[in-house]
Amino acid sequence: MITRDVAAFTRFARALAPDFGPACAKAAFLVMPEGFALAEQSASDNAYMELSAAVDVQRALAQHRDLQRALAASLPVVAFPGDPAMPDGLFPNNVFATAPGRLVIGHMRHAVRQREAGRTDIRGFFAAMGYAEHDLRAQPGVCELTGALVIDRARGLGLCGLSERCDEAGAAAMHAAFGLRGTLMFDLAPGEYHTNVVMSVLAGRALVVCPAGFADPAAAAGIAAVYAPHVVELSPAQKAAFAGNGIALSPDRVWMSQAGAASLQGGQRAQLERAGFALGDVALDEIEKAGGSLRCCVAEIF
């Protein structure tokens, strides 16, 4: 199923067992922020970028090292070197994603990001492990992988927000590339660029969501019905602090940036605890100047 019909998708999703595959990745990879800079092309449709801000490369590198060290408590984490010619390269999850035995390569909107897909080191790493490439760059739809598509790996569901960074053709291409059971397409609110900033699914059993990030809040409500009662609803201010850009890399812990975690209220933290998650956080304020946060830095390996 791939649809815009929220009610039909909700009925379909609620009937599914969490037996599609592992809810959490077996490993992850990062790309170091060498030559960290803000890309003007990306800023044209990323309102979270602080294009006028000065950036400190050494501070970004230190925070990124802390991120790798922290996440390694949950699973193995590999870090590839960055490239100053690819200033958004530290957000690899938009360009590379995996399904078991398959490396998916996304079709990026901006030329400054399209060059990342040609990295022979990352592609060679997966080829050496026997992963087949599924390259979406030649198909007509724009699709920025797990930036645009939030995937419930346990149920085989895709939640795809449409914007300049993903259109319907791209959503269909990703649905097929990941072999999903069902995908819901919905419009993001004006000014939103990626779904994983407004929403995260945690280990297939909990949802963090900001309804204000959706063009139609009914879509957010329909998705929330699938994960009730384990739903944390964010305010626009919490979304702006990147509380929606979290990830569960193990069944018992969710990771957010320090700013995102600090924005949560006591009741929201308690809701995560009731869902079985401890909360881990890492200071990423230097990296967040580039318009992405912790989830954006993490490419999962399934």
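The values are calculated or read from the model by the stated rules, or taken from the named source; none is laboratory data. It should be emphasised that the depicted structure is a prediction, and the values quoted were computed from it without experimental measurement. Counting neighbours? That spans all protein chains shown, and the Cβs are built from the backbone with ideal geometry, glycine included.
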#### Entry: Residues satisfying the stated conditions in the range 122-167, i.e. surrounded by 15 or more Cβ atoms within 10 Å (Cβ to Cβ), farther than 28 Å from residue 18 by Cα and in contact with an Asp or Glu (Cβ under 9 Å, 6 or more places away or on another chain)
122, 123, 141, 142, 163, 164, 165
## Note on the structure
(1) farther than 24 Å from residue 167 by Cα; (2) part of a loop (DSSP other than H, G, I, E, B) all hold for residue 126 apart from (2)
### Selected residue (only one of 179, 204 is among the small types (Gly, Ala, Ser), part of a loop (DSSP other than H, G, I, E, B) and more than 17 Å from the chain's Cα centre (by Cα))
179
### Task
Determine which single condition residue 175 fails, assuming it passes every other condition in (1) at pLDDT below 95; (2) under 24 Å from residue 246 (Cβ atoms).
(1)
### Message
If the requirement is being on the phi > 0 side of the Ramachandran plot and among the small types (Gly, Ala, Ser), which of these qualifies: 118, 106, 130, 141?
### Response
130
## Note on the structure
In the range 54-105, anything under 15 Å from residue 35 (Cα atoms), assigned to a loop (DSSP other than H, G, I, E, B) and touching a residue at least 60 places away in the same chain (Cβ under 8 Å) is listed as 55, 56, 87, 88, 90, 91
### Pick from the range 282-302, criterion among the hydrophobic types (A, V, I, L, M, F, W, C) and assigned to a strand (DSSP E or B), ranking: nearest to residue 79 (Cα to Cα)
299
### Task
Under 7 Å between Cβ atoms, at least 6 apart or on separate chains: pull out the pairs that start in the range 8-28 with a residue that is over 26 Å from residue 101 (Cβ atoms) and end on any residue that is among the hydroxyl-bearing types (Ser, Thr, Tyr) and modelled with pLDDT of 95 or more.
9/3
### Query
Name the residues in the range 242-281 that are touching a residue at least 40 places away in the same chain (Cβ under 8 Å), assigned to a loop (DSSP other than H, G, I, E, B), surrounded by fewer than 20 Cβ atoms within 10 Å (Cβ to Cβ) and not small (Gly, Ala, Ser), would you?
251
### Message
Condition check: touching a Pro at 6+ places or on another chain (Cβ under 9 Å), within 24 Å of residue 58 (Cα to Cα) and not aromatic (Phe, Trp, Tyr). Does residue 301 satisfy that?
### Response
no
### Selected residue [within 21 Å of residue 228 (Cα to Cα), small (Gly, Ala, Ser) and at pLDDT 95 or above] from 299, 262, 283, 275
275
### Task
Could you run through the range 33-44 and say how many residues are surrounded by 19 or more Cβ atoms within 10 Å (Cβ to Cβ) and modelled with pLDDT of 90 or more?
1
### Query
Just a yes or no: is a residue in the range 180-187 surrounded by 20 or more Cβ atoms within 10 Å (Cβ to Cβ) and basic (Lys, Arg)?
no
### Task
Please indicate, with yes or no, whether at least one residue in the range 142-155 is under 19 Å from residue 211 (Cα atoms), touching a Phe, Trp or Tyr at 6+ places or on another chain (Cβ under 7 Å) and modelled with pLDDT of 95 or more.
yes
